[in-house]
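Structure, as structure tokens:
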Amino acid sequence: MNRFEFGTLVASLRNDMHWTQNELSARSGVDISAISNIERGARSTLLKDNILLKLANGFQLTSMERMEFMFAASGVTEVEKVRKEGPNTKKPFNARSFIKETGKNIASITIPAFVADAFCDIVLANHCVLDFYNIPAEMFQGSKSTVGKYNMMRYIFDPRSNFVDIVDDDRWNKAALINIRYFRKRTLRVRSKPYFSKLLNEFLDPDKYPAFKTCWQKILFKDHDDYLLPILETDPDNAHEFVTVETLLAITPKANFTCISCCL
């Protein structure tokens, strides 16, 4: 993203913490005039005086978020980061064809797999994942008119979800933090988008998702962010024993898509 877009991102991160520019300056050690310039897109370099590191520390970004934050500050746009097609390319990139072809590919996979975009909205899912998670029918009702539709966070935090039954009560809190950490990382570069604001406001509604806000904020104030579940010997009596892996990140001129598989 260019420096104007990055400035909007910084402002969005600051607003998410409910901080003024003065508060961000105090917490990060970055001069308030520099913060003002960054948010207005007026600052041409962000490398001076370790400003990026200071801002990342001030925002208490997780390790995965910091990687996204540093890349966002590079000045490279979404289109520029994709290698340009050669003059002899017979089949130019087509978003609709890409989604259709990806759907065919995951349909043939015999383990649960789904594709999510940069907002963690689920774009595609194969029959295996639907059978595996056995998502309650009431969660689908009215989903087309709901912000986030089939977002991963809806499945984790909607009280109607059966996610707690799959991971069991003892592991739910840790599993929720793992998913929140992933959500924060995947969405960092789109935090300033209007759609993300609507999505986050939806999830922060305590009547709809009572546990989301606690986990969203809790991940920031931990001494460390190692929330990976260890891969242990599977329990043959547990029908929902699984390990989730991010198997592929597809970077296209239109958007980034991630294919996630659940290894049973």
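Bear in mind these aren't lab numbers, they're just calculated from the coordinates by the rules spelled out. Remember, predicted model here, so these are calculated numbers, not experimental data. Positions of Cβ are backbone-derived with ideal geometry, glycine not excepted, and every protein chain shown enters the neighbour counts.
Miscellaneous remarks
- Packing around the peptides 109-120, 162-173, taken as the average count of other Cβ atoms within 10 Å per residue, puts them in this order, highest first: 109-120, 162-173.
- Per residue, the convex hull volume that the Cα atoms of the stretch 46-116 enclose (Å³): 139
- In terms of its C-alpha gyration tensor, the stretch 3-72 comes out rounded, because the ratio a/c of the largest to the smallest axis stays below 1.5.
- Under-5 Å amide H pairs with Tyr150, H placed in peptide plane, nonlocal only: Ile122
- Nearest-0.05 FRET efficiency for Leu204 and Asn88, computed from C-beta distance (R0 45 Å): 0.35
- In this Cβ point-charge picture (+1 for Lys and Arg, -1 for Asp and Glu), the stretch 3-72 has a dipole of about 160 debye about its Cα centre.
- Fraction in percent of alpha-carbon pairs per bin - 5 Å, the stretch 65-158: 2, 10, 15, 17, 16, 16, 13, 8, 3, 1
- Computed lengthening from Arg171 to Ile32, 0.36 nm per intervening residue step minus Cα-Cα distance: 45.8 nm
- Between Val164 and Lys48, the simple label model (points 7 Å from Cα in the Cβ direction) yields a spacing of 5.2 nm.
- Cross-link check: pairs Lys193/Lys213; Lys100/Lys208; Lys48/Lys84; Lys198/Lys218 evaluated at a Cα-Cα cut-off of 27 Å; pairs beyond the cut-off: Lys100/Lys208; Lys48/Lys84.
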